[in-house]
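The values are calculated or read from the model by the stated rules, or taken from the named source; none is laboratory data. Worth saying up front: this structure is predicted, and the values here are computed from it rather than measured. Glycine also receives a Cβ, built like all others from the backbone with ideal geometry; neighbour counts cover every protein chain displayed.
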Amino acid sequence: MENLSEAKTSKPQLKVSAKAKTFVLDTNVLLHDPQSIFKFEDNNLAIPVEVLEELDAIKTEQSTERGRNARRVHRILSELLPDSRSMHEGVKLENGGTLSIIINPYMADPSLRDAPLMQKLRAVLSDFGKKDNRIIAAALFVQERYTPPTILVTKDVNVALKARAVGLEAQDYLNDKVPESVDEDSYVEIPVTIYEIQRFCSEGEFDIGKEASAKLYLNEYVLLRSDEGKTMPARYYGEGIVKRLRIPESIKAPGGISIRARNLEQQFFMDALLDDSVSLITCFGKAGTGKTLLSIGCALHQTHDDRSLYDGLSISRPVIALGKDIGFLPGTLEEKMKPWLQPYFDALEVLMPSKPAKEPQFAAKKVSKKHKKNQPSALEMSRAESVSSHGSNSNGHSHGSGNGAAPVKPYERLIKSGLVEVEALCFIRGRSIARRFFILDEAQQLTPHEVKTVITRISEGSKIVLIGDPAQIDNPYVDSRSNGLVYCYNRMKGHAISAHVKLTKGERSKLAELAADLL
């Protein structure tokens, strides 16, 4: 590409294809995917010098993913642009495109600040102290100078809106977006005869044929339905074979109450959670569908005896987004993470209540002698109630009674023993998580690269469950099609070690389900 830092006198140094497009990259695109530089085929890439300034400010974030990505981008650019000449004149990339660094002369030369382009820009965006506005100005300069269509690529919706307001085309980074039609239905219905259903019930598996299985992927959940209205849930195992779900009547945490699946989708989820051949599960579901409760219940069900597959349960969720430091506040990691992980403590309280309670959505069973020793005694529960109402300190810890014994809730014993661990995502890089049942909540808040970082920590003998609601996203740089949860599902579906479930029916309460649907 020609020297973009000289507006009037320079001659082209690199031949720019008239058929190619020129993409101007915003900082957040490079932070989102440092390899994005190589993913624009034979088009021309331009990076404003303001982007380098922003990357320079971010690279010092030692414990964050943003800091690592900023340093990675710097290394890539230093290899592609080894000297000042290559930075200004641009270089050819292996994919056939070009890469240049832009120094906008309208910003660098005071005599050009009253040019028509700047007057047009100043009428809409007056504050050029903001890096976003300067990046838009640089993109407008590129658009003015070169014939190929110029497009600003940004993951910041507000920057895209401002760019369009000044007549500049703006797009999101689409390389890792999944198709719009991803996962429209929670399961597939397959029509069968009543005799085929009877044979399926007796044999436990059934060949649905090539035509019916042509659109199914491995481990996809289906519902066999006859004309008479008889139904049977099943899972697709490949080569036209569907098999019956393998789930117990109920599950329970050590010393807790029994719970069971309340609807068909929860049966699918429980089947995947209890299958040790499935190492990765993605689950979509709105609030109140049972994602958290079932995943924790099934995890603890598989960790509390001598034949357990896992050494314990690890729980985490993004603190706004992966890489945000949880701060230098006093207290342990569990105390810092507790506000973010409160939904899990609520679920543990339901599974292992301090005080017996009748819950209509749970099928409580008599506790076996094997687990009676794990149940809190009446004296312990009495002390817990007394301390809860009178003796909690400001940090949420119970004060000890007169004899020095501080009563704890049943699930707190699991945390103290290490059976249940709290994980901070900002410290997960470099770890190897072996023989753990790892639950990552709110995975829709993560970028695809961040989800990859977490999943690549999982060792042999471990299982990871990614749960979330793609419709509820707070991260401004991902959306319902580009977040890590849907990206992971879209790329991993069809593999023997992965499964996917979508929960749509709320079971928390009629009010919660109505609010989730209508509000």
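Numerical summary
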| quantity | calculated |
| --- | --- |
| Sole exception among (1) modelled with pLDDT of 90 or more; (2) more than 30 Å from Glu450 (Cα to Cα); (3) loosely packed, with under 13 Cβ neighbours inside 10 Å for Val142, by number | (3) |
| Index of the failed condition, Asn219 passing every other in (1) over 22 Å from Leu273 (Cα atoms); (2) of a type outside the set (Ser, Thr, Tyr); (3) in a loop (DSSP other than H, G, I, E, B) | (1) |
| Residues located in the stretch 1-32, provided they are in a loop (DSSP other than H, G, I, E, B), modelled with pLDDT of 90 or more and in contact with a helix residue (DSSP H, G or I) (Cβ under 9 Å, 6 or more places away or on another chain) | Asp26 |
| Cβ pairs under 6 Å, 6+ apart, first in the stretch 54-68 and assigned to a helix (DSSP H, G or I), second hydroxyl-bearing (Ser, Thr, Tyr) | Glu54/Thr27 |
| Residues of the stretch 420-439 satisfying the condition of being β-branched (Val, Ile, Thr) and either farther than 14 Å from Lys463 by Cβ or surrounded by fewer than 15 Cβ atoms within 10 Å (Cβ to Cβ) (or both) | Val420, Val422, Ile428 |
| Positions within the stretch 247-258 being part of a loop (DSSP other than H, G, I, E, B) and at pLDDT below 90, in sequence order | Ala253, Pro254, Gly255, Gly256, Ile257 |
| Qualifying residue in the stretch 219-238 (condition: β-branched (Val, Ile, Thr) and crowded, with 21+ Cβ neighbours inside 10 Å) | no |
| Subset tally (residues that are outside any helix (DSSP H, G or I) and in contact (Cβ under 8 Å) with a residue 12 or more places away in the chain) for the stretch 110-162 | 13 |
| Any hit, the stretch 168-176, residues being under 17 Å from Pro48 (Cβ atoms), among the aliphatic types (A, V, I, L, M) and crowded, with 21+ Cβ neighbours inside 10 Å | yes |
| Candidates Arg246, Arg260 - the one that is surrounded by 13 or more Cβ atoms within 10 Å (Cβ to Cβ) and among the charged types (D, E, K, R) | Arg260 |
| Identity of the residue in the stretch 90-103, out of contact with any His (no Cβ under 9 Å at 6 or more places or on another chain) and in contact (Cβ under 8 Å) with a residue 60 or more places away in the chain, that ends up farthest from Ser78 (Cα to Cα) | Gly97 |
| Any pair with Cβ under 7 angstrom, 6 or more apart, that starts in the stretch 290-316 at a residue that is without any contact (Cβ under 8 Å) to a residue 12 or more places away in the chain and ends at one that is assigned to a loop (DSSP other than H, G, I, E, B) | Ser308/Gln302 |
| Index of the failed condition, Ala261 passing every other in (1) in contact with a helix residue (DSSP H, G or I) (Cβ under 9 Å, 6 or more places away or on another chain); (2) part of a strand (DSSP E or B) | (2) |
| Per-region count, the stretch 407-438, residues assigned to a strand (DSSP E or B) and either out of contact with any Leu (no Cβ under 7 Å at 6 or more places or on another chain) or not β-branched (Val, Ile, Thr) (or both) | 5 |
| So Asp176, is it over 30 Å from Lys286 (Cβ atoms) and at pLDDT below 90 | no |
| Check on Ser277, in a loop (DSSP other than H, G, I, E, B), in the same structural domain as Asp441 (by TED's automatic domain parsing) and of a type in the set (Ser, Thr, Tyr) | yes |
| For Ile497: the one exception among (1) crowded, with 20+ Cβ neighbours inside 10 Å; (2) at pLDDT 95 or above; (3) among the hydrophobic types (A, V, I, L, M, F, W, C) | (1) |
| Residue in the stretch 440-488 that is modelled with the lowest pLDDT, counting only those that are among the basic types (Lys, Arg) and either assigned to a loop (DSSP other than H, G, I, E, B) or touching a strand residue (DSSP E or B) at 6+ places or on another chain (Cβ under 9 Å) (or both) | Arg481 |
| Positions within the stretch 92-103 being outside any loop (DSSP other than H, G, I, E, B) and surrounded by fewer than 18 Cβ atoms within 10 Å (Cβ to Cβ), in sequence order | Lys92 |
| In the stretch 489-513, residue farthest from Leu446 (Cα to Cα) [restricted to those that are among the basic types (Lys, Arg) and outside any loop (DSSP other than H, G, I, E, B)] | Lys510 |
| The one condition in (1) surrounded by 13 or more Cβ atoms within 10 Å (Cβ to Cβ); (2) of a type in the set (S, T, N, Q); (3) in the same structural domain as Ile103 (by TED's automatic domain parsing); (4) farther than 20 Å from Asn28 by Cα that Thr147 fails to fulfil | (1) |
| Tally of residues being within 23 Å of the chain's Cα centre (by Cα) and either among the aliphatic types (A, V, I, L, M) or not in a helix (DSSP H, G or I) (or both) across the stretch 69-80 | 2 |
| Residue in the stretch 476-494 that is under 21 Å from Gln342 (Cα atoms), of a type in the set (D, E, K, R) and surrounded by fewer than 22 Cβ atoms within 10 Å (Cβ to Cβ) present | no |
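Matching residues to (1) at pLDDT 90 or above; (2) in contact with a Lys or Arg (Cβ under 6 Å, 6 or more places away or on another chain); (3) more than 28 Å from His32 (Cβ to Cβ); (4) buried (at least 20 other Cβ atoms within 10 Å of the Cβ):
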| site | (1), (2), (3), (4) |
| --- | --- |
| Ser63 | no, no, no, no |
| Asn69 | yes, no, no, yes |
| Val73 | yes, no, no, yes |
| Ile76 | yes, no, no, no |
| Ser86 | no, no, no, no |
| Pro105 | no, no, yes, no |
| Asp109 | no, no, yes, no |
| Pro116 | no, no, yes, no |
| Lys120 | no, no, yes, no |
